[in-house]
Amino acid sequence: MPVKQERIFLVQKGREIRGPVAYWMSRDQRMDDNWALLFAQEEALKRSSPLIVVFCLVQEFLGATIRQYRFMIEGLKEVEKSLRKKNICFAILTGYPEKKIPEFVRVHKVSCLITDFDPLRIKREWKNAVAGSIGIPFYEVDAHNIVPCRTASQKQEYAAYTFRPKINRLMPDFLENFPRIKKHPFAWDNRNITDWDEILKALRTDMTVPEVSWIVPGERAARKTFRKFLLHGLENYNAYRNDPTKNAQSNLSPYFHFGHLSAQKVANDILNSKVNPLSKDAFLEELVVRRELSDNFCFYNPDYNNFNGFPDWAKKTLDMHRKDKRPYIYTAHQLENALTHDELWNAAQMEMVTGGKMHGYMRMYWAKKILEWTESPETALQIAIYLNDKYELDGRDPNGYTGIAWSIGGVHDRAWNERKIFGKIRYMSYNGCKSKFAVDNYIETMRSLKRVKK
Ligand code: FAD
Ligand code: FO1
């Protein structure tokens, strides 16, 4: 069953030559359930050519540290092993993709280049630069969204309620089962196995943020985590998902972020499960509507990570309250080290710094307080993004830029009753949290976490 046309975007036509087909893997770092890889194999079989998967490792990526690089590299090692069993070569390049990918295409006479869809600015710059330097057909395949981003909507959606009907109408058509990757009949003779120790040693990334041990990277561990959640966690998701004292979230976001797991595969399995419909709907609302709405926002709004990206009503109301007195003002350093007067906020910051994953409910409170305790919305945005991208395993992701823009700039939200500093941006309070969950237990738990050795 061929990959659906709507998932494939022709970046540039190019001219046909003989040679291997290459999948430039970036966002979807997995072998199974990956439309970009499946399309690349279709193209290679059509040309009776070898199939290569190439990954270009950059030394710096949106503030990532050894915590995220280690997680990613462990996942890539597993991809290389799985591909080798299918007679598909995995090549890792180190350096700038704008240079390294065209060089790879030229040296190995690649006949067709495929990459995966990603709305982030940096990725679109990489792709435009590569397209300008190669003369062969170049495709981009949306392997991240169930409904391809360009198909779901041709414009920035106002909110989940405008996006949801479009997704729900299109989803049945796109929720197909994945064919398996075939053992590839044409071998590529330039095989060399990656020296991963060398790769890790050569990394020039921030080594001060410790790796985490509560989650195992890679496709296999992702599937195992999902199966366990499906069997034991999903049932109570609706009841407890907003309670940070209960471990009721799926913990799948690091796997979705690095592409170790297909959201489409997860959605299919959930729809076929016998779990209580309330939890199924609640989870799919997040996994499909909210997650794919984030790609919509980052794809259609070039200002997804700055004040200009906020809706007009939000910019107006925040502007009107710029001069409001701020009872508390904290520096980035004080916030990073959880040195505020608010023990609940400090606990959330510690959860992120030590564990690399803050509870979803706390992320809203956390970001909104940064708006309240800094001198301007621009400073708040900059600090929230900096901390989120430095410490979260799932950071540097459209979900993050959108989640922060929702919290600070009312993106996908509506106006609420006006108040100091926030204007009509939705407010969240310590007492509001107290009415929802056992705040003291959460604070206690985070206090007991070892402090990150500076
Ligand atoms: P679950 O509750 O189990 O949800 C399952 C999946 O649904 C998630 O993995 C995610 O893919 C999707 N999802 C859930 N909530 C949201 C949401 N609000 N928006 C979009 N998709 C969602 N998510 C990230 O992936 N990376 C980030 O850097 C990130 N930063 C955020 C910052 C702020 C200020 C806010 C308010 C939200 C942020 N989110 C981010 C969204 C959400 O908080 C996380 O996706 C979620 O907590 C991840 O944990 P989970 O996989 O256990 O979630
Ligand atoms: N993608 C790449 O193609 N090359 C990289 O070296 C790379 C590093 C990296 C580090 C941390 C991180 O969170 C993401 C990273 N990514 C890299 C991109 C990632 O795979 C995702 O595509 C995007 O971040 C999600 O949109």
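Coupling constants for region 248-263 follow from the phi torsions by the Karplus curve (6.51 cos²θ - 1.76 cosθ + 1.60, θ = phi - 60°), and in residue order they are 9, 7, 7, 6, 8, 4, x, 6, 5, 4, 8, x, 6, 9, 8, 5 Hz; glycine and proline get x. Across the options Val79, Ile101, Gln68, the greatest Cα extent toward the positive end of the charge dipole of region 62-103 (unit charges at beta carbon of Lys, Arg, Asp, Glu) belongs to Val79. Zone of Glu286 (label point 7 Å along Cα→Cβ, backbone N under 15 Å): which residues in region 29-67? Backbone N within reach: none found.
Relative to the longest principal axis of the Cα atoms of the chain, the long axis of helix 398-409 lies at roughly 20 degrees. Computed from Cα atoms alone, the Kirkwood hydrodynamic radius reported for region 328-382 is 11.1 Å. Rounded to the nearest 20 debye, the dipole size of region 27-109 about its Cα centre is 260 debye, using +1 on the Cβ of Lys and Arg and -1 on the Cβ of Asp and Glu.
Dipole magnitude for the chain: about 400 debye, using +1 per Lys or Arg Cβ and -1 per Asp or Glu Cβ, origin at the Cα centre. Database remark: amide H of Thr331 closer than 5 angstrom to no amide H (H placed geometrically; neighbours at sequence offset of 5 or more, or on other chains; Pro and chain starts carry no H). Taking the convex hull of the alpha carbon positions in region 346-449 and averaging its projected area over all directions gives 6.5 nm². Dipole of region 143-213 computed with +1 at Lys/Arg Cβ and -1 at Asp/Glu Cβ about the Cα centre; of His184, Val212, Ala143, farthest Cα towards the positive end is Ala143.
How big is Rg to Rh over region 57-163, alpha-carbon atoms, Rh as the Kirkwood inverse-mean-distance radius? Rg divided by Rh gives 1.00.
Nearest 500 deg cm²/dmol is fine: what mean residue ellipticity at 222 nm does the chain get from its DSSP H runs of n ≥ 4 alone, each adding -39,500 (n - 2.57), divided by its residue count?
-13500 deg cm²/dmol
Treating each Cα of region 250-388 as one equal point scatterer and applying the Debye formula with no solvent, the log10 of I(q)/I(0) at q = 0.14, 0.15, 0.20 Å⁻¹ comes out as -0.83, -0.93, -1.26.
Keeping every protein chain present and rolling a 1.4 Å probe, give me the accessible area per residue for region 1-120 in Å².
For region 1-120, the solvent-accessible area averages 36 Å² per residue.
For region 15-112, compute Rg over Rh where Rg is the Cα radius of gyration and Rh is the Kirkwood radius from the inverse mean 1/r over Cα pairs.
0.98
Amide H contacts of Glu211: none lie under 5 Å away among residues 5 or more positions distant or on a separate chain (H built 1.01 Å from N in the peptide plane; Pro and chain starts excluded). Expressed as a whole percent, the accessible surface of the chain that belongs to carbon and sulfur atoms is 53, based on a 1.4 Å probe. Could you compute the longest span of the chain free of GluC sites (Glu not before Pro) located in DSSP loops and having at most 13 other Cβ atoms within 10 Å, not counting the site residues? With a cap of 13 other Cβ atoms within 10 Å, the longest stretch comes to 61-374.
The angle between the Cα long axis of helix 343-355 and the longest principal axis of the Cα atoms of the chain comes to about 20 degrees, rounded to the nearest 10. For region 83-90, backbone phi angles converted through the Karplus equation (6.51, -1.76, 1.60; θ = phi - 60°) give residue-by-residue couplings of 5, 4, 5, 9, 6, 10, 7, 10 Hz, Gly and Pro being listed as x. With contacts taken as Cα pairs under 8 Å and at least 6 residues apart, region 241-386 reaches a relative contact order of 23 percent. Cα convex hull, the chain: 141 Å³ per residue, rounded to a whole number. On a C-alpha basis, how far is the centre of region 306-378 from the centre of region 73-96 in Å? Whole number, if you could? Cα centres, region 306-378 to region 73-96: 39 Å. Average accessible surface for region 234-304: 36 Å² per residue, computed with a 1.4 Å probe over protein heavy atoms with every protein chain in place.
Dipole orientation for the chain: of the candidates Met25, Tyr240, Gln59, Met25 has the Cα lying most toward the positive pole (charges on Cβ; Lys, Arg +1; Asp, Glu -1).
Cα convex hull, region 140-181: 80 Å³ per residue, rounded to a whole number. Legend: distances between Cα atoms for Lys166/Lys228; Lys77/Lys100; Lys4/Lys357; Lys228/Lys265; Lys246/Lys280; pairs beyond 24 Å are Lys166/Lys228; Lys4/Lys357. Amide H to amide H, with H built 1.01 Å from N, Gln12 comes under 5 Å of Phe138, counting only residues 5 or more places away or on other chains. In terms of Cα atoms, the Rg and Dmax of region 205-247 work out to 14.1, 40 Å. Between the Cα long axis of helix 160-174 and the first principal axis of the chain there is an angle of about 30°, rounded to the nearest 10.
The values are calculated or read from the model by the stated rules, or taken from the named source; none is laboratory data. Since the model is a prediction, treat every value here as computed from it, not as a measurement. In this analysis, Cβ positions are derived from the backbone assuming ideal geometry, glycine residues included, and neighbour counts consider all displayed protein chains. Side chains included, ligands, DNA and RNA excluded: accessible areas come from the protein's heavy atoms. Shrake-Rupley method; radii C 1.70, N 1.55, O 1.52, S 1.80 Å.
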